[in-house]
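First comes the structure, then the notes that go with it.
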Amino acid sequence: MSFRRVLMALLPVAAITAVAVATGAGAAPTYKVGQATPNAAISKCGMGTGKKATGTPIKLGGIDMLIPGVDFTTVGKTAAAYFSCVNDNGGINGHPIQYTLYDEALNPAQEAALARKLIQSDKVVGVAGNTSFAECGTNWKYYKSKGYVVIGAGVQAECYSTPSFAEVNSGPRYSNVGAAQALIAAGAKKLAIASPDTISAYADGGPALVAQKAGIPVKIFPTHLPVTDATSQLIQMYQFAGDGGGILIDFTPDTAPAFMKAAEAQGIVSKVLWGSSTPIANTFMAGQFSPAFDGHLWIDNEFSNVDPSVGPDSALMFAVLKKYAPSIAPQAFAQMGFLVGKFATTALLSIKGPITAKSYNAAVVALKNQKTDILCKPYYVGNLPYHIPNNTNIIVDYKNGDVVVKKGCTPFQAVDKAIAQTRVWEKKYHLNG
């Protein structure tokens, strides 16, 4: 669905959730965005009462990275938009969520200081929405010492190997694994991989293992951000991969277009198989390139296709963005933030008695079988030494400015023992089904 048609598709959602519907002699009540309605196709924000919460605020907070070439603040900003919708729909039993979001610039000292500010000075009961190249590694021990479990969107290894984080996304390593296995299944005989140099060892190590297990040559190209000469690097990757080989790029929409436009300029789009991690799986990105890429992309998407017709939560996300964060285009980072808000709210609403740091984080740990049309499988946390709940993804491609599903929900290859163990826990503790 093109970006223009996506916005047009949102109109029925707005009509149902924000406009009175005439019914013969009179008119039905006006339903606000996120309010519970008789229409099962529409999800709701929290309690869905349509009434603004006015009680004592419940404090949550998050930390997002913002550096040249990478803007992760979309995750926290979308979570904030969801919480605003919750606050307009009854809050948490009448209490609004007060969400504080801090930006960090890939500075460990700053990351550590902000975590302590949130917990010790701001007195948040929970931390949610964190996304960074390094914050998980900096703060996981501190969060563990304080009994906090962060619902966020992970990037580095510690986000998926420590008890302090329960990420809604798969992260670059496993998204790259999904893309690599799709490229190899499509016939790639060599694989060139590029990620930001700050996360390359972790993010590119997974797809490299996929290539090695398949017996094909692989080469990693750690990339310093911001990229100043995408063309030169792309030519090097093409020289390694060769005609019919695979090139896998792992960049956000701030950086990926430079490589894709360089491929168009060099006339090599159709000469290789193109793989990517999740961030470019949206119509905003698809609309920037010529149809030359159509049919030549294997993008691992950690979430459902970005389309309001997918289901109730997808429809609500579009409505929430339109009302509360109109500057944010529907995209994977918005899906991450929406899910962070949804699951943190679910944890808050499950608490019986006073909402404290102890009761909130216990409620987070208790989350399981959280179904949503945005994920292939239900989300969960559980009392586990690490959490990788999002381990089944789809593969998408571009077509005439749209994003189309190329392959449905598929578990990514268990190149790490942690994935095999995760799937054992899922069955043993009935975490997602």
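The values are calculated or read from the model by the stated rules, or taken from the named source; none is laboratory data. Owing to the predicted nature of the structure, the values given are computational and were not obtained by experimental measurement. Ideal geometry is used to build each Cβ from the backbone, glycine not excepted, and the neighbour counts take in all protein chains shown. Surface areas here come from the heavy atoms of the whole protein model, side chains and all, with no ligands, DNA or RNA. Shrake-Rupley method; radii C 1.70, N 1.55, O 1.52, S 1.80 Å.
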Practice task
Along each of the three principal axes of the Cα atoms of the range 211-292, give the extent in whole Å, ordering the values from largest to smallest.
Solution key: 36, 27, 23
Handout entry: Dipole of the chain [Lys/Arg +1, Asp/Glu -1 at C-beta], most positive-end residue of Ala414, Ser276, Trp425
Key = Trp425
Handout entry: Estimated vicinal HN-Hα couplings, Hz - the range 288-300 in sequence order (Karplus 6.51, -1.76, 1.60; Gly, Pro = x)
Key = 8, 10, 6, x, 4, 7, 4, x, 10, 10, 10, 9, 6
Exercise for the section: With springs connecting C-alpha atoms under 10 Å apart, model the chain as a Gaussian network and identify which of Asp294, Asp307, Asp229 has the largest mean-square fluctuation. Expected result: Asp229
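Going down the list Lys342/Lys377; Lys144/Lys368; Lys44/Lys117; Lys368/Lys407, which pairs span over 23 Å between their C-alpha atoms? Intermediate results must be reported in sequence, preceding the final value.
Details: Lys342/Lys377 15 Å; Lys144/Lys368 20 Å; Lys44/Lys117 32 Å; Lys368/Lys407 26 Å.
Too far apart for the 23 Å limit: Lys44/Lys117; Lys368/Lys407.
Counting only DSSP beta bridges with both residues in the chain, tell me the antiparallel percent, nearest 5. Before the final figure, lay out each step's value.
Numbers: 16 of 44 bridges.
Looking only at bridges with both residues in the chain, the antiparallel portion is about 35 percent.
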Problem - Rg(Cα)/(2.2 N^0.38 Å) for the range 91-156, N = residue count - result: 1.12
Problem - Amide H contacts under 5 Å for Ile67, placed H, 5+ residues apart - result: Phe72
Problem - Gaussian network model of the chain, springs between alpha carbon atoms under 10 Å - residue of Gly154, Gly76, Gly353 with greatest fluctuation - result: Gly353
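Got the relative contact order for the range 343-409 handy, in percent, Cα pairs under 8 Å and 6 or more residues apart? Could you put the intermediate results ahead of the total?
Numbers: 75 pairs, mean separation 12.5, N = 67.
Normalised by residue count, the contact order of the range 343-409 is 19 percent.
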Problem - Cα-based equivalent ellipsoid, the range 239-345: semi-axes from gyration tensor eigenvalues, Å - result: 31, 13, 12
Handout entry: For peptides 78-90, 205-217, 59-71, 157-169, sequence by mean Cβ density within 10 Å, most packed first
Key = 78-90, 157-169, 59-71, 205-217
Handout entry: Debye log10 I(q)/I(0) for the range 166-247, one point scatterer per Cα, at q = 0.18, 0.21, 0.26, 0.27 Å⁻¹
Key = -0.73, -0.95, -1.27, -1.32
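Dividing the Cα radius of gyration by the Kirkwood radius, what Rg/Rh value follows for the range 115-184? Let's see the in-between values first.
Details: Rg = 13.7 Å, Rh = 12.7 Å.
Checking Rg against Rh, the ratio lands at 1.08.
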Completion exercise
The answer for Thr49, listing residues at least 5 apart or on another chain whose modeled amide H is closer than 5 Å to its amide H, is Ala36, Gly90
Handout entry: GNM top mover of Ser359, Ser277, Ser314 - the chain, alpha-carbon springs below 10 Å
Key = Ser359
Practice task
Could you work out the Kirkwood radius for the range 278-425, taking every pair of different alpha carbons, averaging 1/r and inverting it, reported in Å?
Solution key: 16.9 Å
Practice task
Express in Å², to the nearest 10, the accessible area of Tyr386 obtained by rolling a 1.4 Å probe over the protein heavy atoms while all chains stay in place.
Solution key: 40 Å²
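I need the semi-axes of the equivalent ellipsoid of the range 184-231: take the C-alpha gyration tensor, multiply each eigenvalue by 5, square-root it, list largest first in whole angstrom. Working shown, then result.
Values: eigenvalues 99, 31, 9 Å².
Its equivalent ellipsoid spans semi-axes of 22, 12, 7 Å.
Using the Kirkwood radius over C-alpha pairs as Rh, can you work out the diffusion coefficient of the range 301-354 via Stokes-Einstein at 37 °C, viscosity 0.692 mPa s, in µm² per second? Numbers along the way, then the final one.
On the way: Rh = 12.1 Å.
It diffuses with D of about 272 µm²/s by this estimate.
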Completion exercise
Cα extents of the range 339-433 along the principal axes, largest first, in whole Å, come to 52, 33, 19
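Within the P(r) computed for the chain, what percentage of the Cα pairs occupies the region above 27 Å?
Details: 47147 of 93528 pairs.
Distances greater than 27 Å cover 50 percent of the Cα pairs.
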Completion exercise
Note, the range 85-91: 3J(HN,Hα) by Karplus (6.51, -1.76, 1.60, θ = phi - 60°), whole Hz, Gly/Pro = x, goes 5, 4, 5, 7, 10, x, x
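Over all directions, the average projected area of the alpha-carbon convex hull for the range 28-174 comes to how many nm²? Spell out each step's value before the answer.
Values: hull surface 40.7 nm².
Result: 10.2 nm².
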Fill in the blank from the handout: The helix 3-18 Cα axis meets the longest alpha-carbon principal axis of the chain at an angle in degrees, between 0 and 90 and rounded to 10, of 10 degrees
Completion exercise
the range 105-246, Kirkwood Rh and Cα Rg, ratio Rg/Rh at 1.08
